[in-house]
Amino acid sequence: MRSSILRDATEGRAIIERWTVDLYHRAIAEGWLEASTAFELLDGFIVRKDRAKAGEDLVTVGDRHRLAVQRLVKLASHFDPFGCTLQVQQPVSLPPTNEPEPDASVIRGVDEDYRDGPPGAGAVTCVIEVSDSSLARDLGIKLQMYARASIEQYIVVDLVHDVVLDHRTPLGDGYQDVATLRAGATVEVRAGAQTVSVPVNRLLP
């Protein structure tokens, strides 16, 4: 197994090599990379998750972020009747070089369907990210990543501007349809062929 950073012995310079999902899993399984809920694989790089309040230490979890995730947990039972599961802060496998751990994702089936590995793009009908300090990342590299994987719906709970951004119809590196929803509105979260109506007020603590 090769390290992600190789040394070119002839020229004496560091060469950075992106991680693949397979290599990432092997490194954890073989014990030379610690499994950690603090990191995720983005574009081939192992990146620390950013759940902080804007302007605060990136290793902390902002209070509003924490409350928003707790609210997502309470929505889980609404997806069961449609044959879907709302998983919270669990990985989604998007080979070859991405395995993000979004704040929530709606997947087809039940948890036991994925005992041999995390769900892939074809199993995911919606991804939800709660964004404060991470807003630029969530509307940049992560949006592009989810769109390229043809994730049908990408919802950003924007705690900076107190809005919910509903992205639909992936095309290339982006989404064709984007709605900015404020308190009092409702977002329709895809659950397979159906949707679950969620008041924006329930997503914004």
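Summary table below
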{"read-out": "Listed residues His65, His161, His25, most fluctuating in the chain (Gaussian network, C-alpha, under 10 Å)", "value": "His161"}
{"read-out": "Gained length - Phe39 relative to Glu17, 0.36 nm times residue gap less alpha-carbon distance", "value": "6.1 nm"}
{"read-out": "Separation in nanometres of the label points that stand 7 Å from Cα toward Cβ, at Arg26 and Leu171", "value": "3.9"}
{"read-out": "Estimated distance in nm for a label pair at Arg66 and Asp80, the labels positioned 7 Å out from Cα along Cα-to-Cβ", "value": "2.8"}
{"read-out": "Summed residue charge, Cβ within 12 Å of Val198's Cβ, Lys/Arg positive, Asp/Glu negative", "value": "+2"}
{"read-out": "Order of exposure, largest accessible area first, which applies to Leu41, Leu171, Leu204 with probe 1.4 Å", "value": "Leu171, Leu204, Leu41"}
{"read-out": "For the chain, with +1 on Lys and Arg beta carbons and -1 on Asp and Glu, the positive-most of Ser131, Pro95, Val163 along the dipole", "value": "Val163"}
{"read-out": "Shape category assigned to the range 58-180 from the gyration tensor of Cα positions, a/c cut at 1.5", "value": "rounded"}
{"read-out": "Listed residues Ile155, Ile141 arranged by accessible area, highest first, probe 1.4 Å", "value": "Ile141, Ile155"}
{"read-out": "Cα gyration tensor shape for the range 48-118, rounded if a/c is under 1.5, else prolate or oblate", "value": "oblate"}
{"read-out": "Highest to lowest packing among 113-121, 46-54, scored as the average C-beta count within 10 Å", "value": "46-54, 113-121"}
{"read-out": "Under-5 Å amide H pairs with Arg51, H placed in peptide plane, nonlocal only", "value": "none"}
{"read-out": "Residue-normalised accessible area of the chain, expressed per residue, 1.4 Å probe, Å²", "value": "51"}
{"read-out": "Largest to smallest accessible area among Thr97, Thr125, Thr169 [probe 1.4 Å]", "value": "Thr169, Thr97, Thr125"}
{"read-out": "Cα centroid of the range 128-205 to Cα centroid of the range 72-86, whole Å", "value": "17"}
{"read-out": "Computed [θ] at 222 nm, deg cm²/dmol, the chain (DSSP H ≥ 4; -39,500 (n - 2.57); rounded to nearest 500)", "value": "-4500 deg cm²/dmol"}
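The values are calculated or read from the model by the stated rules, or taken from the named source; none is laboratory data. Since this is a predicted model, take the numbers as computed values, not measurements. No Cβ is skipped: glycine too gets one built from the backbone with ideal geometry, and neighbour counts run over all protein chains shown. Side chains are part of the model used for accessible areas, which takes the heavy atoms of the whole protein and leaves out ligands, DNA and RNA. Shrake-Rupley method; radii C 1.70, N 1.55, O 1.52, S 1.80 Å.
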